[in-house]
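This report refers to the structure that appears directly beneath it.
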Amino acid sequence: MPNPDRPLRQSVSLPPPVARRVRALAKTRKASTSRVVVDLIEAGLESQEQEKRRFFDLAERLARSSNREEQKRLKEELARMTFGE
(Lines give C-alpha, C1' and ligand atoms only; values in the text may rest on other atoms or scores of the structure.)
Protein backbone atom coordinates (compact mmCIF):
# COMPACT_ATOMS: atom_id res chain seq x y z
CA MET A 1 0.00 0.00 0.00
CA PRO A 2 1.48 3.40 -0.97
CA ASN A 3 2.58 5.77 1.76
CA PRO A 4 0.41 8.96 1.48
CA ASP A 5 3.17 11.14 2.97
CA ARG A 6 5.80 10.10 0.46
CA PRO A 7 6.15 12.32 -2.64
CA LEU A 8 4.60 10.85 -5.76
CA ARG A 9 6.64 10.95 -8.93
CA GLN A 10 4.51 12.28 -11.77
CA SER A 11 5.45 12.93 -15.38
CA VAL A 12 3.85 15.90 -17.12
CA SER A 13 4.31 17.17 -20.66
CA LEU A 14 4.23 20.95 -20.96
CA PRO A 15 3.60 22.88 -24.16
CA PRO A 16 6.81 24.66 -25.25
CA PRO A 17 5.60 28.19 -24.34
CA VAL A 18 4.63 27.04 -20.83
CA ALA A 19 7.92 25.16 -20.41
CA ARG A 20 9.84 28.33 -21.36
CA ARG A 21 7.93 30.36 -18.79
CA VAL A 22 8.52 27.72 -16.10
CA ARG A 23 12.26 27.64 -16.86
CA ALA A 24 12.41 31.44 -16.75
CA LEU A 25 10.61 31.47 -13.37
CA ALA A 26 12.96 28.80 -12.06
CA LYS A 27 15.98 30.82 -13.13
CA THR A 28 14.57 33.99 -11.54
CA ARG A 29 13.75 32.22 -8.27
CA LYS A 30 16.97 30.16 -8.34
CA ALA A 31 14.89 27.00 -7.95
CA SER A 32 14.45 23.81 -9.94
CA THR A 33 11.79 23.61 -12.62
CA SER A 34 10.15 20.81 -10.62
CA ARG A 35 9.88 23.08 -7.57
CA VAL A 36 8.34 25.84 -9.70
CA VAL A 37 5.81 23.41 -11.20
CA VAL A 38 4.84 22.21 -7.71
CA ASP A 39 4.49 25.81 -6.47
CA LEU A 40 2.32 26.74 -9.45
CA ILE A 41 0.09 23.70 -8.99
CA GLU A 42 -0.31 24.42 -5.27
CA ALA A 43 -1.15 28.07 -6.01
CA GLY A 44 -3.70 27.01 -8.63
CA LEU A 45 -5.35 24.52 -6.28
CA GLU A 46 -5.54 27.12 -3.51
CA SER A 47 -7.00 29.66 -5.92
CA GLN A 48 -9.64 27.16 -6.98
CA GLU A 49 -10.56 26.48 -3.34
CA GLN A 50 -10.84 30.21 -2.64
CA GLU A 51 -13.13 30.64 -5.67
CA LYS A 52 -15.30 27.76 -4.45
CA ARG A 53 -15.54 29.28 -0.95
CA ARG A 54 -16.42 32.67 -2.47
CA PHE A 55 -19.18 31.05 -4.56
CA PHE A 56 -20.73 29.34 -1.53
CA ASP A 57 -20.44 32.53 0.55
CA LEU A 58 -22.32 34.45 -2.14
CA ALA A 59 -24.96 31.71 -2.40
CA GLU A 60 -25.42 31.81 1.38
CA ARG A 61 -25.72 35.61 1.34
CA LEU A 62 -28.32 35.32 -1.43
CA ALA A 63 -30.33 32.81 0.58
CA ARG A 64 -30.31 35.08 3.66
CA SER A 65 -30.95 38.36 1.84
CA SER A 66 -34.38 39.96 1.85
CA ASN A 67 -33.27 43.06 -0.08
CA ARG A 68 -34.37 42.81 -3.75
CA GLU A 69 -31.50 44.94 -5.05
CA GLU A 70 -28.90 42.90 -3.18
CA GLN A 71 -30.52 39.66 -4.38
CA LYS A 72 -30.34 40.87 -7.97
CA ARG A 73 -26.69 41.88 -7.60
CA LEU A 74 -25.76 38.57 -5.94
CA LYS A 75 -27.58 36.58 -8.65
CA GLU A 76 -25.69 38.47 -11.35
CA GLU A 77 -22.38 37.88 -9.60
CA LEU A 78 -23.12 34.16 -9.19
CA ALA A 79 -24.11 33.95 -12.86
CA ARG A 80 -20.82 35.59 -13.89
CA MET A 81 -18.88 33.15 -11.74
CA THR A 82 -20.78 30.20 -13.21
CA PHE A 83 -21.08 31.15 -16.88
CA GLY A 84 -18.40 33.80 -17.38
CA GLU A 85 -18.94 37.33 -18.57
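The values are calculated or read from the model by the stated rules, or taken from the named source; none is laboratory data. This is a predicted model, so every value here is computed, not measured. Don't worry about glycine lacking a Cβ; one is built from the backbone with ideal geometry, like all the others, and counts go over all protein chains shown. Note: areas computed on protein heavy atoms with side chains; ligands, DNA, RNA excluded. Shrake-Rupley method; radii C 1.70, N 1.55, O 1.52, S 1.80 Å.
Under the rule of -39500 (n - 2.57) per DSSP H run of 4 or more residues, summed and divided by the residues of the chain, what mean residue ellipticity at 222 nm is obtained, to the nearest 500 deg cm²/dmol?
-25000 deg cm²/dmol
Determine the per residue accessible area of the chain with all protein chains present and a 1.4 angstrom probe, expressed in square angstrom.
92
Within straight cross-link reach of LYS52, meaning Cα distance under 23 Å, which lysines are found once same-chain residues fewer than 8 apart are removed?
Partners found: LYS72, LYS75.
Rounded to the nearest 10 degrees, what's the angle between the helix 16-29 long axis and the longest principal axis of the chain, both from Cα atoms, 0 to 90?
80
Quick check: at a probe of 1.4 Å, how many percent of the accessible area of the chain sits on carbon and sulfur atoms?
Reported share for carbon and sulfur atoms: 53 percent.
³J(HN,Hα) across region 68-83 via Karplus (A = 6.51, B = -1.76, C = 1.60, θ = phi - 60°), whole Hz, x for Gly/Pro?
So the J values, rounded to whole Hz, are 4, 5, 5, 4, 4, 5, 5, 4, 5, 5, 5, 5, 4, 5, 7, 10.
Please list 61-73, 25-37 highest first by mean number of surrounding beta-carbon atoms within 10 Å per residue.
Packing proxy ranking, top to bottom: 25-37, 61-73.
Rounded, prolate or oblate: which fits the chain when a ≥ b ≥ c are the square roots of the eigenvalues of the alpha-carbon gyration tensor, with rounded for a/c under 1.5 and prolate only if a/b beats b/c?
prolate
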